[in-house]
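Each remark here refers to the structure printed beneath this line.
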Amino acid sequence: MNQMDEKLKRALRRRNPSTGFADRLLARMAVDGIDMTPRIERPKWSWPTLRWAAIVTVIAITVTGISYRVHVHRSQEAEARIAKQQVMLALRITGAKLRIARDKVKAVGGEQTTPGDTL
Amino acid sequence: MTLNGAGFAELVREHQSMVFSIAYRFLRDRAVAEELAQDVFLKLYGELPRLQSPDHVKFWLRKVISHRAMDHARSAHRRHEVALDEIREPAACPSRRDPLLEASVRKLVASLPHQARMIVVLRYQEDMEPHEIGKVLGLPTATVKSRLHRSLAVLRGKAERLMGEPIR
């Protein structure tokens, strides 16, 4: 450290304010009505934030529920449509088979009937 | 940080000499320095919940009192009050053992421009490094170093003229 540094350090060393500085400050705070009781920090999850979070959650659950029900309903409709088509196809096939059987029965019946039988 | 009345009073007592001295060494006016120091501690009370640690409190106090003191000096200058940097160097040539030597050095410091003066106060009163001073005053470290270097050269020159002998 050089001479100049030493001179400056000595000349600029700390000084105390006048006696009772802190007491005067506290008295001034009391006069200004500053509350010195420990302040409780507002929690990050304050009531308005929680309220909005609850509202958003309820809306999300409702929308998801409705979407799911619509999806299930549409799936059931599609399955019912396919089942109906299958039933219709089965009925057509059955009808066709019955017609063939009836024609065969008719044909067999015609051969067994002799001309004398028909009076 | 959250403190009750007694805790805050303790905090004030811990830092009052630092806060008061920065303003006092800069402005050289005891009454104004006390007034500014009280304002800064009042502001500190409102700011405490946002300050995370004792080091953060110390940094905040140094920063706010430095800026307050410089603002006050600027406004006083605008109001044409007696500007400290216009105070002439002492006419007498004090010897090395002269009890007035320190007062002479303080007068020389008062002759520096505002920012340079605050840099010198923080460097020699608070023993702060240039990068710490830069953070407090919002200046690059290189700027702090160059202003400190220039201020010391000016002070050395004036002191040599005053005392009539070279100062290293």
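Filtered by the rule that a residue be exposed (fewer than 10 other Cβ atoms within 10 Å of the Cβ), β-branched (Val, Ile, Thr) and modelled with pLDDT under 80, segment A:21-76 gives A:Thr37, A:Ile40. Among the residues of segment B:96-106, at least one is modelled with pLDDT under 85 and either among the hydrophobic types (A, V, I, L, M, F, W, C) or on the phi > 0 side of the Ramachandran plot (or both).
Inside segment B:126-151, residues that are part of a loop (DSSP other than H, G, I, E, B), away from chain A (no Cβ under 11 Å) and surrounded by fewer than 15 Cβ atoms within 10 Å (Cβ to Cβ) make up a count of 3. Going by the conditions given, is B:Arg123 closer than 20 Å to B:Leu101 by Cα and surrounded by fewer than 18 Cβ atoms within 10 Å (Cβ to Cβ)? Spelling it out, it is not the case that B:Arg123 is closer than 20 Å to B:Leu101 by Cα and surrounded by fewer than 18 Cβ atoms within 10 Å (Cβ to Cβ). Just one of (1) exposed (fewer than 11 other Cβ atoms within 10 Å of the Cβ); (2) modelled with pLDDT of 90 or more fails for A:Arg14. It is (1). For the structure I just gave you, tell me whether B:Ala33 is over 15 Å from the mean Cα position of the chain (by Cα), among the small types (Gly, Ala, Ser) and assigned by TED's automatic domain parsing to the domain that holds B:Ala69. Criteria not met by B:Ala33. Taking the numbered list (1) of a type outside the set (Ser, Thr, Tyr); (2) modelled with pLDDT under 95; (3) under 18 Å from A:Pro17 (Cα atoms) in turn, B:Gly7 passes all entries but (3). Residues of segment B:38-71 that are polar (S, T, N, Q), more than 12 Å from every other protein chain (Cβ to nearest Cβ) and part of a helix (DSSP H, G or I): B:Ser66 alone.
For segment B:36-58, which positions are of a type outside the set (Phe, Trp, Tyr) and either closer than 30 Å to B:Lys107 by Cβ or in the same structural domain as B:Val136 (by TED's automatic domain parsing) (or both)? Explain how you work it out, then say what you get.
We begin by selecting, within segment B:36-58, every residue of a type outside the set (Phe, Trp, Tyr); these are B:36-40, B:42-44, B:46-58.
Hits for segment B:36-58 are B:Leu36, B:Ala37, B:Gln38, B:Asp39, B:Val40, B:Lys58.
The values are calculated or read from the model by the stated rules, or taken from the named source; none is laboratory data. Everything numeric here is computed off the predicted structure, so don't read it as measured data. No Cβ is skipped: glycine too gets one built from the backbone with ideal geometry, and neighbour counts run over all protein chains shown.
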